[in-house]
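Accompanying notes for the structure given below.
The values are calculated or read from the model by the stated rules, or taken from the named source; none is laboratory data. Every value quoted in this text rests on a predicted model; they were computed, and no experiment measured them. As a convention, Cβ positions derive from the backbone with ideal geometry for all residues, glycine included, and neighbour counts pool all protein chains shown.
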Amino acid sequence: MRITGGEWRSRRLEGPGKYKGLRPTPDSMRERAFAVLGDRVTRSDFLDLYAGTGAVGLEALSRGARMVVFVECRRSAAGIIEKNVAAFGLKPDRADLLVAPASAAIRRLARREHRFDIAWIDPPFDIWTEGLGVVVQLFDEGLLDEKSVACFECPEKATVGGSLPGNLSIFRDLGGGASRVVMITRR
């Protein structure tokens with residue numbers, strides 16, 4: 001795994017190693033999604049839910065995000081994020097890690113009245129429908145607004161559009177391989 005663009009382009013990341021259960025977003029998918037996001041990433045507040053190794057959030061920082069909050073519920077995976085953040089020498093004001101389930105972390109961030117420009121939601125594929133519920137929760141709790149984008153990574157064959165409430169819409173759908181990234185905004 002490596003960073004695909006920005007300040008740290010081509011820099012290697014600590015991968016999942018022997019830890020089973022992590023499915024890092026492929027470099028090519030990250031590269032395509034960040035190309036679509038473009039300048040939205042610069043100076044953004046970025047939320048990386050189901051963060052795994054932290055590769056997506058670190059990609060955002062490399063491409064100019066102001067700060068990233070990583071959320072990961074598995075302590076062993078959070079340890080990989082901590083190693084990757086330390087390797088990049090990031091200060092706490094640029095990279096924050098919450099070790100908690102996604103829904104609980106969203107409620108905690110909502111109480112702090114934190115707002116994000118971009119959220120990346122990449123749940124394990126066997127619970128992708130739970131992840132779609134998290135996307136809706138992000139908008140409902142006010143962490144994302146009408147200017148924000150939720151990037152939902154899911155299995156290629158997942159039916160996303162019909163499962164969204166009427167106030168949310170798909171603005172881009174990037175397929176490719178076993179997964180795809182569906183970009184969702186508020187109408």
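Yes or no, residue by residue, for (1) hydrophobic (A, V, I, L, M, F, W, C); (2) over 17 Å from Asp122 (Cβ atoms):
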residue	(1), (2)
Phe46	yes, no
Tyr50	no, no
Ser62	no, yes
Ile80	yes, no
Ala87	yes, yes
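Yes/no per residue for (1) acidic (Asp, Glu); (2) over 24 Å from Arg43 (Cα atoms); (3) touching a helix residue (DSSP H, G or I) at 6+ places or on another chain (Cβ under 6 Å):
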{"residue": "Phe88", "(1), (2), (3)": "no, no, no"}
{"residue": "Lys91", "(1), (2), (3)": "no, no, no"}
{"residue": "Leu97", "(1), (2), (3)": "no, no, yes"}
{"residue": "Pro101", "(1), (2), (3)": "no, yes, no"}
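Counting only strands (runs of 3 or more DSSP E) that sit wholly inside region 136-187, those with at least 1 residues that are under 16 Å from Trp120 (Cβ atoms) and touching a Leu at 6+ places or on another chain (Cβ under 7 Å) are 149-155, 179-186.
Return the residue satisfying two criteria in turn: it lies in region 67-106 and is in a strand (DSSP E or B) and not hydrophobic (A, V, I, L, M, F, W, C), and of such residues it is nearest to Gln137 (Cα to Cα).
Glu72
Considered as a group, the residues in region 58-79 that are closer than 22 Å to Glu130 by Cβ, out of contact with any helix residue (DSSP H, G or I) (no Cβ under 8 Å at 6 or more places or on another chain) and touching a residue at least 40 places away in the same chain (Cβ under 8 Å) include one that is surrounded by the fewest Cβ atoms within 10 Å (Cβ to Cβ), and that residue is Ser76. Determine if region 116-126 includes at least one residue that is part of a helix (DSSP H, G or I), at negative phi, modelled with pLDDT of 95 or more and out of contact with any strand residue (DSSP E or B) (no Cβ under 8 Å at 6 or more places or on another chain). The answer is no; no qualifying residue exists.
Select, from Lys147, Lys91, the only residue that is out of contact with any Phe, Trp or Tyr (no Cβ under 8 Å at 6 or more places or on another chain), charged (D, E, K, R) and within 25 Å of Arg32 (Cα to Cα). Explain how you work it out, then say what you get.
Values: Lys91 fails: within 25 Å of Arg32 (Cα to Cα).
It is Lys147.
Of the residues examined, Val36 is one that is among the β-branched types (Val, Ile, Thr), within 27 Å of Asp145 (Cα to Cα), at pLDDT 95 or above and part of a helix (DSSP H, G or I). Across region 1-38, the number of residues qualifying as among the polar types (S, T, N, Q) and surrounded by 12 or more Cβ atoms within 10 Å (Cβ to Cβ) comes to 2.
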